[in-house]
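What follows is one structure encoded as C-alpha cells, with my remarks underneath.
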Amino acid sequence: MPSSPRAALCPAAAEARMPVPYPYPTPQTNPQSYPRPYLRPKGHSGRGLALSFTLPGDIRSAFIARTVVVAALEAHGLAPYVWPATHAVDELVAVTARMSPGKELYVSLRQRDDAVRLLVWDQHPHHAEPDLATLCETRRRRALWLLAAVVDDWGGEWGVSEASSPHAGIKSWVVLPR
C-alpha cells in the first residue's frame with residue numbers, strides 16, 4: 001500500500017482515479033463580509049450541545065473538524081471533553097476521508113445525558129464482493145487503533161456500521177461518558 005497521505009485505504013477507491021480535492025476559495029477583500037459562526041454561550045439552559053457540519057473528503061479536513069469541536073465544547077462548558085473528543089474527531093475524519101477520497105463527510109457532535117456523542121458519516125460505497133468488503137472493513141478498523149485506545153482510556157464506546165436505509169455509506173461513532 002502506498003505511504004502517500006492521499007492514498008485511499010479502500011482497495012476499490014485506490015483503483016479509482018483520485019479526484020482533485022476542493023478548489024480553494026478566492027479571498028474576500030472585506031473581512032466583515034465573512035460569515036460569523038453562532039455558538040450558544042456557556043451556561044445556556046437549552047438541551048445541550050448539538051452541532052452538525054459537512055466537510056470535504058480530504059485529510060486536511062481533520063484540522064477543521066478539530067478546531068470546530070474544540071470551539072463548540074469550550075463554548076458549552078464542556079472543556080474536560082476537549083482532549084478525547086479532538087483525538088476522536090481527528091482520527092475519524094482522517095480515516096473516513098481516506099476511505100472515500102473526494103466525497104463529503106458529515107460530522108455530528110451532541111451532548112446528552114452526561115455523555116458527548118460524535119458521529120462521522122462518509123459516503124463509502126457498499127461492496128458487493130464479500131472478500132473486498134471484509135478487506136475494506138479490516139483496513140478501516142486497523143486504521144482506527146489510536147481512536148480505540150483513546151476511547152478505551154476514557155471509558156467510552158466506539159463503533160462502525162453501515163448507514164441505515166435510505167442512506168448509503170458508513171457511520172463511525174464515539175460515545176464519551178462523563
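Can you give the percent of C-alpha pairs in region 58-155 whose distance is more than 19 Å?
45
In what sequence, highest mean first, do 153-161, 101-109 appear when ranked by Cβ atoms within 10 angstrom?
Top to bottom by mean Cβ count within 10 Å: 101-109, 153-161.
Given contacts defined as C-alpha pairs under 8 Å and at least six residues apart, what's the relative contact order of region 42-178, whole-number percent?
Result for region 42-178 is 26 percent.
Using the alpha-carbon centroid of each, what span in Å lies between region 52-79 and region 135-166?
So the two Cα centres are separated by 19 Å.
Put +1 on the Cβ of each Lys and Arg and -1 on the Cβ of each Asp and Glu in region 84-178; which of L109, G156, T134 then has its Cα farthest toward the positive end of the dipole?
Of the options given, the answer is L109.
³J(HN,Hα) across region 70-75 via Karplus (A = 6.51, B = -1.76, C = 1.60, θ = phi - 60°), whole Hz, x for Gly/Pro?
After applying 6.51 cos²θ - 1.76 cosθ + 1.60, I find 4, 4, 5, 5, 5, 5 Hz.
R0 = 22 Å: FRET efficiency of T54 with D131, Cβ-based, nearest 0.05?
0.10
Per residue, how much accessible area does region 65-129 show when a 1.4 Å probe rolls over the protein heavy atoms, in square angstrom?
The answer is 39 Å² per residue.
The values are calculated or read from the model by the stated rules, or taken from the named source; none is laboratory data. Keep in mind that this is a model prediction, so the values were computed, not measured. FYI the Cβ positions are ideal-geometry reconstructions off the backbone, even for glycines, and counts take in every protein chain you see. The protein model used for the area step is the full one, side chains on, heavy atoms only, and it has no ligands, DNA or RNA in it. Shrake-Rupley method; radii C 1.70, N 1.55, O 1.52, S 1.80 Å.
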